[in-house]
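Okay, structure first, notes after.
The values are calculated or read from the model by the stated rules, or taken from the named source; none is laboratory data. This is a predicted model, so every value here is computed, not measured. A quick note on method: Cβ atoms are made from the backbone with ideal geometry, for glycine too, and the neighbour counts reach across all protein chains shown. Quick note on the areas: whole protein, heavy atoms, side chains included, nothing else; ligands and nucleic acids left out. Shrake-Rupley method; radii C 1.70, N 1.55, O 1.52, S 1.80 Å.
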Amino acid sequence: MIEQITAMLALIGVLSLLCQWLGWQLRLPAILPLLCCGLLVGPGLGWLDPDEIFGNLLFPLISLGVAVILFEGALTLNFKEIRDHGRMVTHLVTIGAAVTWLCISLASWCLFDFSPSLALLFGALVVVTGPTVIVPMLRTVRPKSELSSILRWEGIIIDPIGALIAVLVYEYITVSSDQTSHVLTALGSMLGIGLGAGAVAGYMLGWVLRRNLLPHYLTNTAVLTVTLGVFVGSNLLQEESGLLTVTVMGIWLANMRGVATQSIIEFKETLTVLLISALFILLAARLNSDAMLSLGWQGLVLLLIVLFVARPLSIWISGIGTSLNSRDKWFLSWIAPRGIVAAAVSSLFAIKLEQRGTEGADILVPLAFLIIIGTVVIQSLTARRWAQHLGVTARSAQGILIFGGSKFARELAKILVSKGIKVIIADSNWDNVRLARMDNIQVYFGNPVSEHANNFLDLGGIGKVLILSPYQQLNPVVFFHFQDIFGPERVFGVNTTDASGSARHQLSESYLSRMCLFSQSVSYSKLASLMSRDAVLKSTNLTDNFSYQMFLERYGETVIPLIYMRAGKVHMITTDTSSVPNGVELISLIPKEAMEHQQKKATEEKELKELQDKEKAAQQSSTEIEAQA
């Protein structure tokens, strides 16, 4: 038996990794291959029976996994960011969530004869979308930047809100099932411990993190351990209060001043494969094919109501008073795939309700998975065509993501922004990010290839990536990451490697061939040196009367052409660029000496012209006098 459990754990780990890779390769939400894999090895082939293999350990594993999922989701719920991302997002996560919740609850109550409380619980479970399913879909569809931002932030913020509603409804169900005169007292106890313990735990953990009382390498481990400990401790004080406690703790941390949560959120990267992915396979493997089939036409009708009634109604009501037009609203009405929270929390609550003998609890999980699979599959396959039909896809993306916030990168970004080009500077150096923000440049503080960046870094309108950082170890990782997203011909960088180094430290030819920005002799250190000596970034219009060759002759060999723009399109100058056409705007870096030489030469030419004009005028005056004589 022990060998069988060990083999199943290893198999789940391998399958989790393969499903994550498949989702990344196919540009699909990872939840889809994970669910399909679970259905295949579980009810399909009969290889995996979680209840038989894990026995009494299954429920604790799912409980701890859901606690981590809800805590991580709550960490993203910063109230300031809700206000900062527009009226439509605020409406969607409040009014829209309420409309969707009530529509689905009413439909499930009518179709499946749920009790009102159970119908409200199911409605809360499938309100959420989530970034894990939204972000891969947006990369494929590529809608307008505004629509992409709305959907992305809705998915981030609605996760903890929907989970919080579900937890409260579930606690009401479990308490009200206790036939005593202390129902309200018990419910108040649950809410009091959940809210109180969550706030206290969040404050204490934030106090420790804010004062750096933990070494950096222990921070993520400590946060995870405290989360699990608080979850268990809260349940010991009051049964079923743990989920509310960890959700409140995460929200408190996210909104506590002086606590940087970016690095904490990144612990999800490892857990996505080791915990959450495995959890999805286990949940899908528990599905009973007979239970799925028993949903019948009522299940399909509920799916249609979710797609064609609840979501459009939510969007159009939330869109009142916003600047969105009807095409934008119809597009948003079709994008609402359900994700990780719906699957995990529904499975956990279903197990608990079944143990309590609640009628109808046995179809909660099949019904939730039907909604998840239906929305993900149908909307993934049709969203791009729908966006094209409505004309809401983004035009050829000309925006630029610059990795590295040096003085050169900031000055280049300022010029591009002044020309109407979207620019984002990403850097893990806070001083660089702070200086870029002071120049009104959009920034991302952190590692641009992290899981946090995957959810929070808005790449809408971005079409090229420039690697202008001194981080020799991280630059190749950034290059290969964004090469898979944008293609190798849209990722560039300046060389930071030492060509004289030993062979074991040399990088791949495919990488070095793209480190070709500006010219072969240009490196990060050279750019930094020129900027420290007051080099100037200058924009010049090239015409038939002032060509690229004339520009080079004027400023000499030390000038570095960087970028040229024509008809709103940005073209990078690389080592392969032999010439720049006329009729474009050229951005170049001119060393201080070359600029001073040009200014001196221009002054001399001006003085010479003035002298020639005076001599010509004098000669003309003399000629007129002689003519009169």
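Annotations for the structure displayed:
- Hits in the stretch 468-489 (condition: closer than 17 Å to Ser145 by Cβ and either of a type outside the set (A, V, I, L, M, F, W, C) or touching a strand residue (DSSP E or B) at 6+ places or on another chain (Cβ under 7 Å) (or both)): Phe486
- In the stretch 430-468, residue farthest from Gly73 (Cα to Cα) [restricted to those that are touching a Phe, Trp or Tyr at 6+ places or on another chain (Cβ under 8 Å), part of a helix (DSSP H, G or I) and open to solvent by 10 Å² or more (accessible area, probe 1.4 Å)]: Trp430
- Being touching a residue at least 60 places away in the same chain (Cβ under 8 Å), over 21 Å from the mean Cα position of the chain (by Cα), within 25 Å of Ile161 (Cβ to Cβ) and surrounded by fewer than 21 Cβ atoms within 10 Å (Cβ to Cβ) is a property that does not hold for Ile371.
- Among the residues of the stretch 427-467, the ones that are touching a strand residue (DSSP E or B) at 6+ places or on another chain (Cβ under 6 Å) and more than 17 Å from Arg139 (Cβ to Cβ) come to 8 in all.
- Residue that is modelled with the highest pLDDT [pool: residues in the stretch 112-162 that are of a type in the set (D, E, K, R) and part of a helix (DSSP H, G or I)]: Glu154
- Qualifying residue in the stretch 163-176 (condition: closer than 23 Å to Gly73 by Cβ, buried (at least 21 other Cβ atoms within 10 Å of the Cβ) and modelled with pLDDT of 85 or more): no
- Remark: pairs (first residue in the stretch 206-220, free of Cβ contacts under 8 Å to residues at least 40 places away in the same chain; second residue open to solvent by less than 70 Å² (accessible area, probe 1.4 Å) and not in a helix (DSSP H, G or I); Cβ separation under 7 Å; 6+ apart in sequence or on different chains) = Val208/Leu214.
- Set side by side, the residues Ser521, Ser529, Ser525 differ, and just one is part of a loop (DSSP other than H, G, I, E, B), among the small types (Gly, Ala, Ser) and over 20 Å from Ser418 (Cβ atoms), which is Ser521.
- Check on Ile53, surrounded by fewer than 22 Cβ atoms within 10 Å (Cβ to Cβ) and at pLDDT 85 or above: no
- Just so you know, in the stretch 490-523 the residues that are within 29 Å of the chain's Cα centre (by Cα) and at pLDDT 80 or above include one that is farthest from Thr140 (Cα to Cα), and it is Val494.
- Residue, most open to solvent (accessible area, probe 1.4 Å), within the stretch 469-479, restricted to residues that are assigned to a helix (DSSP H, G or I) and not hydrophobic (A, V, I, L, M, F, W, C): Pro476
- Residue in the stretch 57-66 that is within 27 Å of Val230 (Cα to Cα), open to solvent by 70 Å² or more (accessible area, probe 1.4 Å) and not in a loop (DSSP other than H, G, I, E, B) present: yes
- Residues in the stretch 334-359 that are crowded, with 19+ Cβ neighbours inside 10 Å and of a type in the set (Gly, Ala, Ser): Ala336, Gly339, Ala342, Ala343, Ala344, Ser346, Ser347, Ala350.
- Every residue from the stretch 237-251 that is buried (at least 21 other Cβ atoms within 10 Å of the Cβ) and not in a loop (DSSP other than H, G, I, E, B): Gly242, Leu243, Leu244, Thr245, Val246, Thr247, Val248, Met249, Gly250, Ile251
- Some residue of the stretch 344-367 being hydrophobic (A, V, I, L, M, F, W, C), modelled with pLDDT of 85 or more and assigned to a loop (DSSP other than H, G, I, E, B): no
- The set of residues in the stretch 23-36 being over 12 Å from Leu287 (Cβ atoms) and in a helix (DSSP H, G or I) consists of Gly23, Trp24, Gln25, Leu26, Ile31, Leu32, Pro33, Leu34.
- Exclusive hit being under 24 Å from Met531 (Cα atoms), touching a Phe, Trp or Tyr at 6+ places or on another chain (Cβ under 9 Å) and part of a helix (DSSP H, G or I), set Ala426, Ala383, Ala387, Ala409: Ala409
- Positions within the stretch 216-236 being modelled with pLDDT under 85 and surrounded by 15 or more Cβ atoms within 10 Å (Cβ to Cβ), in sequence order: Thr219, Asn220, Asn235
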